[in-house]
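Engineer: I am attaching a structure below and will ask some questions about it afterwards.
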Amino acid sequence: MKKPLLLLISCLISYASCAQRIDWAIGINKWYTRSAGINWLLAHYRPIYNFQPGEKVASIGAGQGIREVVFSLMADSLTMYLQDLDPYWLEPDRLAVAVQAIYKKAERIACTSTFVPVRGKEKETQLPNQYFDKIIVENSLHEFTYQADMIQHIRENLKPSGQLFIWEAIATNPNRKHTDCGKPMFTDETLIKLLSENGFHFVSKTVVNPDRGKDAVFQFSVSE
């Protein structure tokens, strides 16, 4: 794990160290590299995640890591672990380009956060235990093959006072499936039940975009 961390730190020293283009960004993620997308993410998610300087954060199923780079603009000196089964998009060179491009668009002179890419497993996060202040799982939990196992590992990864945030598109009726992946969607009840059975206490639900309605972030704390 030390090798990618050192590579990323060296890439973030100067904006001039590599190209600013991120043409490999796909779908909606590319919009999040532009000023409008960056501002939208920060306005809608800052009140929910409320990252504080120096916090240790992990994103499970981070994909390209673009949203997480934008979230790092919320506070200085974050340590952000970006975990995914496929680390292709999180290779240091690609991630460094994304960091530099997004920070330039946001008119930030330097990035003070540290990004650590991690290859996960289907049943294990491969993250350090009792280390994180906050863990986010964005639009990924419904795709996990072993949901209960992963949630139990996430509980171990969090500090006793840690918080878990899960963003999912929520079904208003049971037995609905996601249009893109065909996996079953959560309802409020099934998501809260799954987390409650695996060591978490439900704290709150926030609808991210009232115009769409179905996208919501659920906050959980670690049960005693």
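Engineer: Across the stretch 45-56, what is the number of residues that are farther than 13 Å from Phe132 by Cα and open to solvent by 60 Å² or more (accessible area, probe 1.4 Å)? Lay out the reasoning, then the answer.
Structural biologist: Let us first name the residues in the stretch 45-56 that are farther than 13 Å from Phe132 by Cα, namely 45-50, 53.
Okay, now just the ones that are also open to solvent by 60 Å² or more (accessible area, probe 1.4 Å), so 46-47, 50, 53.
Within the stretch 45-56, residues that are farther than 13 Å from Phe132 by Cα and open to solvent by 60 Å² or more (accessible area, probe 1.4 Å) number 4.
Engineer: Taking the stretch 137-154 on its own, how many of its residues are touching an Asp or Glu at 6+ places or on another chain (Cβ under 8 Å) and closer than 17 Å to Glu68 by Cβ?
Structural biologist: 2
Engineer: Right, next: Kindly provide the set of residues from the stretch 182-224 that are farther than 26 Å from Asp133 by Cα and out of contact with any Asp or Glu (no Cβ under 6 Å at 6 or more places or on another chain), ordered by number. Talk me through it step by step, then tell me what you get.
Structural biologist: Taking the stretch 182-224 and keeping what is farther than 26 Å from Asp133 by Cα, we get 182-185, 187, 210-214.
If the condition is that a residue be farther than 26 Å from Asp133 by Cα and out of contact with any Asp or Glu (no Cβ under 6 Å at 6 or more places or on another chain), then Gly182, Pro184, Met185, Thr187, Pro210, Asp211, Arg212, Gly213, Lys214 are the ones that fit.
Engineer: Using the structure shown, decide if Arg67 is part of a helix (DSSP H, G or I), open to solvent by 10 Å² or more (accessible area, probe 1.4 Å) and either basic (Lys, Arg) or under 22 Å from Glu156 (Cα atoms) (or both).
Structural biologist: On the way: part of a helix (DSSP H, G or I): yes; open to solvent by 10 Å² or more (accessible area, probe 1.4 Å): yes; either basic (Lys, Arg) or under 22 Å from Glu156 (Cα atoms) (or both): yes.
Criteria met by Arg67.
Engineer: Cβ contacts < 7 Å: first residue assigned to a loop (DSSP other than H, G, I, E, B), restricted to the stretch 25-48; second residue basic (Lys, Arg) and open to solvent by less than 90 Å² (accessible area, probe 1.4 Å), any location; separation 6+ or different chain. Result?
Structural biologist: Going by the 7 Å Cβ cut-off, the qualifying pairs are Tyr32/Arg67.
Engineer: With the checklist (1) among the aromatic types (Phe, Trp, Tyr); (2) more than 23 Å from Leu73 (Cα to Cα); (3) modelled with pLDDT of 95 or more in hand, flag the one item Phe132 doesn't pass.
Structural biologist: (2)
Engineer: Could you list, in sequence order, the residues of the stretch 143-192 that are among the small types (Gly, Ala, Ser) and within 24 Å of Tyr45 (Cα to Cα)? Lay out the reasoning, then the answer.
Structural biologist: Let us first name the residues in the stretch 143-192 that are among the small types (Gly, Ala, Ser), namely 148, 161-162, 169, 171, 182.
Across the stretch 143-192, the qualifying residues are Ser161, Gly162, Ala169, Ala171.
Engineer: What are the pairs, 6+ residues apart or on separate chains, where a residue within the stretch 179-191 that is of a type in the set (Ser, Thr, Tyr) has its Cβ under 8 Å from a residue that is open to solvent by less than 70 Å² (accessible area, probe 1.4 Å)?
Structural biologist: Once the first residue is of a type in the set (Ser, Thr, Tyr) and sits in the stretch 179-191, its partners that are open to solvent by less than 70 Å² (accessible area, probe 1.4 Å) give Thr187/Ile170; Thr187/Ala171.
Engineer: Does Lys104 meet the test of being surrounded by fewer than 21 Cβ atoms within 10 Å (Cβ to Cβ) and either in a helix (DSSP H, G or I) or modelled with pLDDT of 95 or more (or both)? Before you say what the answer is, go through the steps one by one.
Structural biologist: Details: surrounded by fewer than 21 Cβ atoms within 10 Å (Cβ to Cβ): yes; either in a helix (DSSP H, G or I) or modelled with pLDDT of 95 or more (or both): yes.
Against the criterion (surrounded by fewer than 21 Cβ atoms within 10 Å (Cβ to Cβ) and either in a helix (DSSP H, G or I) or modelled with pLDDT of 95 or more (or both)), Lys104 qualifies.
Engineer: Among the listed residues Ser59, Ser35, identify the single one that is on the phi < 0 side of the Ramachandran plot, surrounded by 18 or more Cβ atoms within 10 Å (Cβ to Cβ), small (Gly, Ala, Ser) and at pLDDT 50 or above.
Structural biologist: Numbers: Ser35 fails: surrounded by 18 or more Cβ atoms within 10 Å (Cβ to Cβ).
Only one candidate qualifies: Ser59.
Engineer: Within the stretch 193-220, how many residues are under 19 Å from the mean Cα position of the chain (by Cα) and under 17 Å from Asp149 (Cα atoms)?
Structural biologist: Selection size over the stretch 193-220: 3.
Engineer: While we're on this one: Let me spell it out: the conditions are (1) part of a helix (DSSP H, G or I); (2) at pLDDT 90 or above; (3) under 22 Å from Ser140 (Cα atoms), and Tyr81 meets all of them except one. Which number is the exception?
Structural biologist: (1)
Engineer: Ok, one more. Against the definition (at pLDDT below 95 and not in a helix (DSSP H, G or I)), how does Arg94 come out, yes or no?
Structural biologist: Numbers: at pLDDT below 95: yes; not in a helix (DSSP H, G or I): no.
No, not satisfied.
The values are calculated or read from the model by the stated rules, or taken from the named source; none is laboratory data. Keep in mind that this is a model prediction, so the values were computed, not measured. Note: ideal-geometry Cβ built from the backbone for every residue, glycine included; neighbour counts use all protein chains shown. Areas reflect the complete protein model, heavy atoms only, side chains present, ligands, DNA and RNA absent. Shrake-Rupley method; radii C 1.70, N 1.55, O 1.52, S 1.80 Å.
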